[in-house]
Amino acid sequence: MGKSKKLLKKIGAVGRAAEFHPAETSRKLMVSGIHTEDQYAPLALGICMAYAKACFENGADFEFSKQFVANEKDLSNLLQDDGAEESQRHVLLFSNYIWNREDNLHLSRLAKKLDPTCITVHGGPDTPSKYTEACEKFLFEETHIDYVVAGEGEETLKELLESISLRPDEIVSVSGVRFLSNGKYVDCGDRVRASNLDKFPSPYLTGTFDSLNASSFYCGIIESARGCPYSCTFCDWGSNTAAKIKTFDFDRVINEIEWFAEKKVKMIWLADANFGILKRDLEIVKKICEIKKKTGYPHRIVLCYSKTVKTRLIKIIDLMIEAGINSQGSISLQTRDPETLSAISRSNIKTSEYNKLHQAFVKRKFPYYVELLMALPGSTIEALKADLAIYFDQPVDVYINRSILLTNSPMADPDYQRKHQIKVDEVNAVIATATMCEADVTEARAICIVFQGVHRFGVLRYLVRWLEWEQNLKPLDIIQDLVRSPDLEGRYPLLNLMVKESRSNELRGLALVECLLKFRDKLRQESTWERLSDEFISWSEEKYNFKSDDAFASLGRVQAGLMPAVDRQFPEEIGMTHNVLKWYADWHGGKGQKLISYETGTLQITDPYDLCQRSCLIEEFIPKSRFELESQLSDIRYESLYEPDHISSPPDEMDKQSVILTPDPKTQMGARGL
């Protein structure tokens, strides 16, 4: 007898969900899914429901709701339906992720108030289930939850429903389930991963999602394969799928893509951990391109690219470009720091593979972004600065995310947490580690926010470049010095406002991307960008003890002219005392001189996105990655990155603080539960 069965026998009591009279628990089960979002279908939950429905379709003891519960009104209508059979008992299924967990928990609590006899089942990546202490604490705190499903949910849900229906007076003994019974925590053990995914029907093709308005979906989520060969500690994908990759039937995947095309869903999200790692992935993309040619859909594909760059991955990129599919490359770098990579068990992913991917994107002029994580175990402020410095002032979006303690990830292991002294806030974002105290993490966050202001939105961009090129200062050191400055408020009110917002707790999201919104919009409305330039020039002279020439001041006026401000007319021509355009181009080309040595020039500025008249505070603000106005200067950044002679890789070992992505040629980017 296994350990879990011995425990169940010892307890000798029914589980919390079954603590009603057998006459009550033997009622017909009405199974309903909870889904509070309207921009996508709940794929993992849908597969579980489609499988359970297929298993019980001929049984009289089950009924599966055709509608998903989206809100309090839906829940009330479901549980208080006067026309429902008296013998019917509700089973509510919740699939928890970090973005919907609180909504799900709210509806789960409400469900128990409306109908205390209903059964609530919670699974998904953000439901604590892997570590005993966390799961037990979760169940004792969330007393409305009857059962927790760990890991893959398809088989577990089917057996759980069967057990509740057929053996209502017995304690549940289903692998993969955790619950409380008479105040005691019961763990029924882990379930072995399914060896054959094709026995799980597609919720798209079997009508499970027919009640959802697919035409309003922001994206269609498809899983063509399940599993990840890596075990990065910050992620629960590889650790929960035991590494080996298993696939869904090829024709099923293509039929699902065609389903979305028929519904005219513009974006497909292939939710595989490493798309391109399998030979058949190339064939999938070929089919997508054929469907695009035939139907016009999808317009865009989102992929998590393979961490190893093989020829077929390059072919996949080429196919999407040729088919006119609007995709964006991603490099899931997270960090290049060797100590951090070791701490998060990611050393087996060579950074040279990311360099190959970078080269492929650049050679094809394929837009891409880089993902970094802040405050990983083993990381330091200097390591973060080194990562950011590689991409500074390049036409590459850098998506910086706060490190999150995912509840079922290796990082959530209590022993791992103790080893790395991990502390988290109320949303499980890391606020301290053994290598970064809370003050360090706060400072790192401010550095990231100001970095985005300069790098992504162009605030002070050219003045920082001048300090780098003509005063031999490193951009990330400048940004760090600025956020550390203690005496800005009196003498430098606008700089103080920027730094204050970078340290503010108002930016509560996990992504450090859309930053300095209030600051940027205030200066846009008040047209005070030139004052900001003057303050920064004065602060720089004082901080670094130099006396600038008139070229720095004239650059400040150009910098101000490139920022959006109300009531400007375009196209606009700015006269330059010194030719900033040629100076910037020469430095990017590796032959720059001091700005003061350049003669006069003019700069043409346009505002094709109407940035001067649009507030970046409104949700409908579309060009979120744009803020600097268009000019020949932005053209230089793109041309320098995509210049054939400069297609090279970011370095691995050399000082990353001193390099950019256009180096001198001589120096030769979770397991499916319930």
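The values are calculated or read from the model by the stated rules, or taken from the named source; none is laboratory data. All of these numbers come straight from a predicted model, not from anything done at the bench. All Cβ positions, even for glycine, are placed from backbone atoms using ideal geometry, and neighbour counts span all protein chains on display. Ligands, DNA and RNA are stripped out before the accessible areas are found, and what is left, the full protein with its side chains, is counted by its heavy atoms. Shrake-Rupley method; radii C 1.70, N 1.55, O 1.52, S 1.80 Å.
Suppose we filter Leu641, Leu581 for residues that are assigned to a helix (DSSP H, G or I), at pLDDT 95 or above and either touching a helix residue (DSSP H, G or I) at 6+ places or on another chain (Cβ under 7 Å) or surrounded by 12 or more Cβ atoms within 10 Å (Cβ to Cβ) (or both); which single one remains?
Of Leu641, Leu581, the one residue that is assigned to a helix (DSSP H, G or I), at pLDDT 95 or above and either touching a helix residue (DSSP H, G or I) at 6+ places or on another chain (Cβ under 7 Å) or surrounded by 12 or more Cβ atoms within 10 Å (Cβ to Cβ) (or both) is Leu581.
Evaluate region 413-426: report whether one residue or more is touching a Gly at 6+ places or on another chain (Cβ under 8 Å) and farther than 17 Å from Leu512 by Cα.
yes
Out of everything in region 453-505 that is over 29 Å from the mean Cα position of the chain (by Cα) and among the aromatic types (Phe, Trp, Tyr), what residue ends up being surrounded by the most Cβ atoms within 10 Å (Cβ to Cβ)?
Trp466
Of the residues that sit in region 584-621 and are assigned to a loop (DSSP other than H, G, I, E, B) and among the acidic types (Asp, Glu), which one is farthest from Pro395 (Cα to Cα)?
My answer is Glu599.
Name the one entry in Ala271, Ala261 that is open to solvent by less than 60 Å² (accessible area, probe 1.4 Å), on the phi < 0 side of the Ramachandran plot and in contact with an Asp or Glu (Cβ under 6 Å, 6 or more places away or on another chain).
When all the criteria are applied, what remains is Ala271.
Taking Met563 as meeting all but one of (1) over 22 Å from Cys515 (Cβ atoms); (2) modelled with pLDDT of 95 or more, write down the number of the exception.
All conditions pass for Met563, except number (1).
Pull up region 506-553, narrow it to residues that are farther than 21 Å from Gln452 by Cβ and aliphatic (A, V, I, L, M), then point me to the one that is most open to solvent (accessible area, probe 1.4 Å).
Ala553
Among the residues of region 408-427, which ones are crowded, with 17+ Cβ neighbours inside 10 Å and within 16 Å of Pro125 (Cβ to Cβ)?
Correct list: Asn408, Ser409, Pro410, Met411, Ala412.
Quick one: which residue in Tyr399, Tyr369, Tyr354 is in a helix (DSSP H, G or I) and among the hydroxyl-bearing types (Ser, Thr, Tyr)?
Going through Tyr399, Tyr369, Tyr354 in turn, the sole match is Tyr354.
Determine whether Tyr204 is open to solvent by 20 Å² or more (accessible area, probe 1.4 Å), among the aromatic types (Phe, Trp, Tyr) and in a loop (DSSP other than H, G, I, E, B).
No: the conditions fail for Tyr204.
As an exercise: evaluate Phe209 against (1) at pLDDT 95 or above; (2) out of contact with any Pro (no Cβ under 7 Å at 6 or more places or on another chain) and give the number of the one condition it does not meet.
Failing condition for Phe209: (2).
Out of (1) farther than 30 Å from Ala434 by Cα; (2) modelled with pLDDT of 85 or more; (3) open to solvent by 10 Å² or more (accessible area, probe 1.4 Å); (4) over 16 Å from the mean Cα position of the chain (by Cα), what's the single condition that is false for Val285?
(3)
Among the numbered criteria (1) within 20 Å of the chain's Cα centre (by Cα); (2) surrounded by 23 or more Cβ atoms within 10 Å (Cβ to Cβ); (3) more than 30 Å from Leu633 (Cα to Cα), which single criterion is violated by Leu384?
(3)
Among the candidates Ser332, Ser306, single out the residue that is open to solvent by less than 20 Å² (accessible area, probe 1.4 Å), touching a Leu at 6+ places or on another chain (Cβ under 7 Å) and either closer than 30 Å to Lys263 by Cβ or of a type outside the set (S, T, N, Q) (or both).
Criteria check complete, one pass: Ser306.
Consider region 584-605. How many of its residues are of a type in the set (Phe, Trp, Tyr) and open to solvent by 20 Å² or more (accessible area, probe 1.4 Å)?
Total satisfying the criteria: 2.
In region 309-329, which residue that is part of a loop (DSSP other than H, G, I, E, B) and modelled with pLDDT under 85 is least open to solvent (accessible area, probe 1.4 Å)?
Per the criteria, the residue is Ser327.
Among the residues of region 500-522, is there at least one that is more than 27 Å from Ala439 (Cα to Cα), modelled with pLDDT of 95 or more and of a type in the set (A, V, I, L, M, F, W, C)?
No.
Which numbered condition in (1) in contact with a Phe, Trp or Tyr (Cβ under 9 Å, 6 or more places away or on another chain); (2) assigned to a helix (DSSP H, G or I); (3) under 19 Å from Asp387 (Cα atoms) is the only one that Cys515 fails?
If we test Cys515 against (1) in contact with a Phe, Trp or Tyr (Cβ under 9 Å, 6 or more places away or on another chain); (2) assigned to a helix (DSSP H, G or I); (3) under 19 Å from Asp387 (Cα atoms), just (2) comes out false.
Tally time: how many residues in region 4-58 are of a type in the set (Val, Ile, Thr), closer than 15 Å to Ser163 by Cα and modelled with pLDDT under 90?
2
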